[in-house]
Amino acid sequence: MDEREGGGRRPDPEVEPKARRRSFSAAYKLRILNEYEAAPDGQKGAILRRENLYSAHIVEWRKAREAGALAGLSKPKGRPPVDDRDKELEKLRAEKAKLE
């Protein structure tokens, strides 16, 4: 049976208009590094194939981990939370200004 006769569908030949770079979280990188380093030599390639990674990823992630960069990436983005002392200080300043 020919695919053109309705038996099967051909995949869409169109390519994504813009390639997207994959991004990995710091937690994922550390998990994969630990799993990769704990694996026996014959299983390391299987981990890379399963995760669709290259050995260059492991090399770069190791360098980042040794430089301490991965620890910094795990911190949440944005402003740090306001300290309770700062809130109390602002409240006291407003109260002082009101009394004066």
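When each of Glu60, Glu66, Glu90, Glu35 is tested for being at negative phi, touching a residue at least 12 places away in the same chain (Cβ under 8 Å) and charged (D, E, K, R), the lone residue that passes is Glu35. Residues of the stretch 33-89 that are among the polar types (S, T, N, Q), within 21 Å of Ser23 (Cα to Cα) and at pLDDT 90 or above: Asn34, Asn52, Ser55. Looking only at the stretch 36-53, residues that are outside any helix (DSSP H, G or I) and either under 16 Å from the mean Cα position of the chain (by Cα) or among the acidic types (Asp, Glu) (or both) come to 2 in all.
The values are calculated or read from the model by the stated rules, or taken from the named source; none is laboratory data. All values reported here derive from a predicted model rather than from experimental measurement. Neighbour counts run over all protein chains shown; Cβ positions are idealised from the backbone, glycine included.
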